[in-house]
1. Any residue at all in the range 7-18 that is of a type in the set (D, E, K, R) and either at positive phi or in contact with a Gly (Cβ under 6 Å, 6 or more places away or on another chain) (or both)?
2. Can you tell me which residue is modelled with the lowest pLDDT among those in the range 1-48 that are surrounded by fewer than 11 Cβ atoms within 10 Å (Cβ to Cβ) and in a loop (DSSP other than H, G, I, E, B)?
3. Please work out which residue is most open to solvent (accessible area, probe 1.4 Å), limiting yourself to the range 49-64 and to residues that are of a type in the set (A, V, I, L, M, F, W, C) and either at pLDDT 95 or above or over 17 Å from Ile3 (Cα atoms) (or both).
Amino acid sequence: MNITPPDNLPTYRLLTGPDDAAFCKRVSEALALGYALYGSPAATFNGERVIVAQAILWPGAQHR
């Protein structure tokens with residue numbers, strides 16, 4: 001397995017956005033690249049829509 005993410009992407013990423021199909025697609029694409037979910041998703045309401053966040057981590061990355 002590659003020890004670094006492709007395309008100079010960081011080992012840790014926090015994906016955020018409206019809770020819609022586009023957000024789900026971004027998370028799915030990151031998983032297909034080899035990232036793993038890190039922790040639970042978070043959600044909040046900004047007065048108009050639900051905004052979600054999901055942390056992802058490249059396998060083998062150092063974390064504490």
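1. yes
2. Applying the filter and picking the extreme gives Met1.
3. Among those that are of a type in the set (A, V, I, L, M, F, W, C) and either at pLDDT 95 or above or over 17 Å from Ile3 (Cα atoms) (or both), it is Val50.
The values are calculated or read from the model by the stated rules, or taken from the named source; none is laboratory data. Model, not experiment: these values are computed from the prediction. Don't worry about glycine lacking a Cβ; one is built from the backbone with ideal geometry, like all the others, and counts go over all protein chains shown. All accessible areas refer to the heavy atoms of the entire protein, side chains included, with ligands and DNA or RNA removed. Shrake-Rupley method; radii C 1.70, N 1.55, O 1.52, S 1.80 Å.
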